[in-house]
């Protein structure tokens with residue numbers, strides 16, 4: 001369309017290109033699809049993948065250029081693998097999610113992301129993440145990523161409905177995150193690291209399940225069906241047992257023969273036990289109240305726990321540096 005405008009007494013022609021509604025709709029749909037895929041990948045959960053630095057940090061091999069580059073790559077690959085699982089899970093559960101008061105707002109259930117697209121993108125990421133790890137890292141890293149994807153897909157399909165096994169699978173997912181950085185850098189994983197990390201993860205996972213069971217008591221259908229098969233007494237026993245084993249394993253590591261610092265004025269390795277136990281006891285307060293949700297939320301919500309955690313990290317870092 002051509003319009004005329006008079007500027008300073010002079011008539012100028014202003015050209016207005018006709019808009020293409022179909023093109024605008026395609027652009028809007030593409031942006032919405034990309035945003036929906038991003039939301040389905042659960043970016044809020046990516047903070048858990050920071051655990052890939054756990055093994056290198058425990059071995060005192062974190063701050064080298066090679067380690068930082070490799071761990072950044074591993075973080076990205078593990079994030080891609082986890083995102084693949086979320087996409088496939090939401091595609092599979094789309095019909096059930098539409099009947100849920102909260103989950104119906106998920107992009108796949110809401111129709112923002114077609115089920116076929118979620119399956120396709122999830123399947124591509126599930127294949128590409130381990131394949132890229134085999135090329136850019138090493139076979140051990142690729143094998144662990146493959147095992148993670150396979151285990152999580154099995155969890156989505158059936159294992160999340162199996163009593164106790166669901167706790168073990170979620171705990172193992174955290175343990176795999178903590179192990180993969182060490183595997184990528186060829187760092188031997190100590191038995192104390194594996195025991196403390198594994199039971200620490202079980203402590204947080206079972207504390208979260210316990211909190212869900214307490215909060216959803218008497219609200220049938222408002223939460224995952226498997227929770228109704230657990231008793232709060234059993235879940236309390238699990239998180240208490242796991243907390244006890246994690247603390248014991250950490251103490252045995254800190255106090256084992258030969259665990260004396262070489263040059264430090266203070267025995268940071270032994271002193272870190274105090275901060276570790278305080279952190280566990282503080283976290284247990286929220287577990288006992290039935291308010292221990294996502295671990296990152298618990299830590300960020302409670303300033304005292306965050307400070308204790310930072311003190312422990314400082315002591316642990318000094319202990320590793322002196323070892």
field: From 45, 70, residue being closer than 30 Å to residue 156 by Cβ, part of a helix (DSSP H, G or I) and modelled with pLDDT under 90
entry: 45
task: Select, from 193, 203, the only residue that is modelled with pLDDT under 95 and either surrounded by 17 or more Cβ atoms within 10 Å (Cβ to Cβ) or more than 30 Å from residue 135 (Cβ to Cβ) (or both).
output: 193
- line: Apart from one, (1) assigned to a helix (DSSP H, G or I); (2) in contact with a helix residue (DSSP H, G or I) (Cβ under 7 Å, 6 or more places away or on another chain); (3) within 22 Å of residue 280 (Cβ to Cβ) all hold for residue 141; the odd one out is (3)
- request: Evaluate region 106-129: report whether one residue or more is within 25 Å of residue 187 (Cα to Cα) and assigned by TED's automatic domain parsing to the domain that holds residue 174.
  value: yes
message: Quick test of your reading of the structure: residue 89 fulfils all but one of (1) out of contact with any helix residue (DSSP H, G or I) (no Cβ under 9 Å at 6 or more places or on another chain); (2) at pLDDT 90 or above. Name the failing condition by number.
response: (1)
task: Please indicate, with yes or no, whether at least one residue in region 151-165 is in a helix (DSSP H, G or I), crowded, with 22+ Cβ neighbours inside 10 Å and within 21 Å of the chain's Cα centre (by Cα).
output: yes
message: Please pick out the residue among 226, 265, 248 that is surrounded by fewer than 20 Cβ atoms within 10 Å (Cβ to Cβ), part of a helix (DSSP H, G or I) and either at pLDDT below 90 or not assigned by TED's automatic domain parsing to the domain that holds residue 320 (or both).
response: 226
message: Just to be sure before I move on: is residue 139 under 28 Å from residue 201 (Cα atoms) and either loosely packed, with under 15 Cβ neighbours inside 10 Å or in the same structural domain as residue 246 (by TED's automatic domain parsing) (or both) in the structure I sent?
response: yes
- prompt: Do you know which residues across region 275-287 are touching a helix residue (DSSP H, G or I) at 6+ places or on another chain (Cβ under 8 Å), within 14 Å of residue 236 (Cα to Cα) and surrounded by fewer than 18 Cβ atoms within 10 Å (Cβ to Cβ)?
  reply: 284
message: Quick check on region 85-104: of everything there that is more than 21 Å from the chain's Cα centre (by Cα) and part of a helix (DSSP H, G or I), which residue is surrounded by the most Cβ atoms within 10 Å (Cβ to Cβ)?
response: 94
query: Quick check: is even one residue across region 283-294 modelled with pLDDT under 85, under 24 Å from the mean Cα position of the chain (by Cα), over 19 Å from residue 194 (Cα atoms) and not assigned by TED's automatic domain parsing to the domain that holds residue 56?
result: yes
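The values are calculated or read from the model by the stated rules, or taken from the named source; none is laboratory data. Remember, it's a predicted structure, so these values are computed and weren't measured experimentally. Note that we place each Cβ from the backbone using ideal geometry, even for glycine, and neighbour counts take in every protein chain shown.
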